[in-house]
1. Please compute the contact order of region 73-137 in relative form: average sequence separation of alpha-carbon pairs under 8 Å and at least six residues apart, divided by the residue count, as a percent.
2. What translational diffusion coefficient, in µm²/s and rounded to a whole number, does the Stokes-Einstein relation yield for region 222-289 at 25 °C and a viscosity of 0.890 mPa s, taking the hydrodynamic radius as the Kirkwood radius over Cα pairs?
3. Quote the Stokes-Einstein diffusion coefficient, in whole µm² s⁻¹, for the chain, based on the Kirkwood radius over alpha carbon pairs, a temperature of 10 °C and a viscosity of 1.306 mPa s.
4. DSSP beta bridges in the chain, what fraction antiparallel, as a percent rounded to 5?
5. Within the accessible area of the chain, what % is carbon and sulfur when the probe is 1.4 Å and the other protein chains stay in place?
6. Between region 288-348 and region 122-199, what is the separation of their alpha carbon centroids in Å?
7. Write down the radius of gyration of region 1-153 and its Dmax, each obtained from C-alpha positions, in Å.
8. Over the chain, how many pairs of lysines fall under 21 Å by alpha carbon, counting only those 8 or more apart in sequence or from different chains?
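The values are calculated or read from the model by the stated rules, or taken from the named source; none is laboratory data. Owing to the predicted nature of the structure, the values given are computational and were not obtained by experimental measurement. Here Cβ is always computed from backbone atoms with ideal geometry, including for glycine, and neighbour counts include all displayed protein chains. Heads up: the accessible areas ignore ligands, DNA and RNA and are worked out on the full protein's heavy atoms, side chains in. Shrake-Rupley method; radii C 1.70, N 1.55, O 1.52, S 1.80 Å.
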Amino acid sequence: MVETKSNSGLVGPVSLLDQLKAMEQGSLSPEASIAACLERIDQVEEHLKAFCALNANATSQIASSGPLKGIGLAVKDIFDTADLPTAHGSPIYHAHNPARDASIVMQARRAGCTLLGKTVTTEFAFFHPGPTRNPHNLDHTPGGSSSGSAAAVASGMAHLAIGSQTGGSIIRPAAFCGITGYKPSAGLLPKPGMKDGAWSLDTIGLYTATVADVAYAMSALTGRNCSIQPRAPFRTPKFGIVRSHSWPEADPGYKSRFNSLLEHLHSLGAELVEIEPSETWIAAFHAHQIIQDYEIRQSLAWEHDTHGDLLSPVLKQTLDFAKTITAADYDEAHLCAQEARIEAAEHLEDLDAFLSLSAPGPAPLGLASTGSSIFNRIWTLFGLPCVNVAGMQTEDGLPLGVQIIGPFMEDHHTLHVAHWLEGAIARARS
């Protein structure tokens, strides 16, 4: 692996549950909680470049009530905000000011969050990266497309951040930045007011310091029972270990640590079942790109035809290639995905969750790319809940995550499994 220098002073995720507990006990006020976020932004934002717009009125917008009162929120810049510009990572929308908040932003405000600012995204949440750097090492990518959201939470500038995933844009940045990333089951968080690229795939997700944090945030945002009771008994899970057809592309050191983790889980009593990737799954993996590119070409038709000169070369190349994808190709890709989705559901009937890598390796060196989504795409295509569980790292201190994938619409149970795994990884380190 590449030799790296630590930037540990830039790393410091803050548990939102710890903040809420301190506020409940009276040792911290909501105003002091938000002030600490703003102070942290003053300290590290110049190094990380996680935000593309900051809310100058944050201190005057602290909610008077709500389960997330006093919690600082960062929002990926593909979600409309009425009081901050929304540029979608593109010069086409420079200084664009929406008339209203996206639905998910309003849900967060209603729950008591204070909007701190908009975070850097890749261009239209696609490939072309922005300037954000990894808090663990400034020479490495934070991942994408939710680059700024992950970096903001990992550095302690925000307690909670909203992102999105089309391929791997929640899970991979969480893995690279060493925090919890949660992509819910498709459809659980509302997309009105979000710049959709591939509407069949795009899914809203959340970033926090820990699994318990994100479970509580999901409950507060949706009214669902997703919270984790720390002392509640939870049986040892049964995992399906998925070594996909992309396994040879994973970093050898990462695979070695993953295998060591499996040995540790086995010693704790976890049942581990190897799941061989079928031809149906491999075909679905390729179907993801067909669906993605076909839909993005339609979603960005206006931008392409009226402002094509302001699109990045990689995006223009994708849109040009997408012209070759026919409606029949697209329909066949959806049928292929559905066949594989059924097969995955059948596997999960006898499992608590799948367990796999979150990325091919640690955050790559350089900012020209945000990394590969080869270990994420198929789960996004299936619409399954996914959680990056942090806690492992390389010898030189870069984070490594592992990915929990649960049954469709069984998000509460999936979060419980992820919380159990988080504890197991912590015990292995101690």
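1. On the way: 102 pairs, mean separation 24.0, N = 65.
Reported relative contact order: 37 percent.
2. Details: Rh = 15.1 Å.
Calculated translational D: 163 µm²/s.
3. Values: Rh = 21.4 Å.
In µm²/s, the coefficient is 74.
4. Working: 27 of 44 bridges.
Rounded to the nearest five, the antiparallel share is 60 percent.
5. Details: 8540 of 16540 Å².
Looking at the chain in its full context, I get 52 percent from C and S.
6. 20
7. Spelled out, the Cα radius of gyration and Dmax of region 1-153 are 15.8, 49 Å.
8. Close lysine pairs found across the chain: 17.
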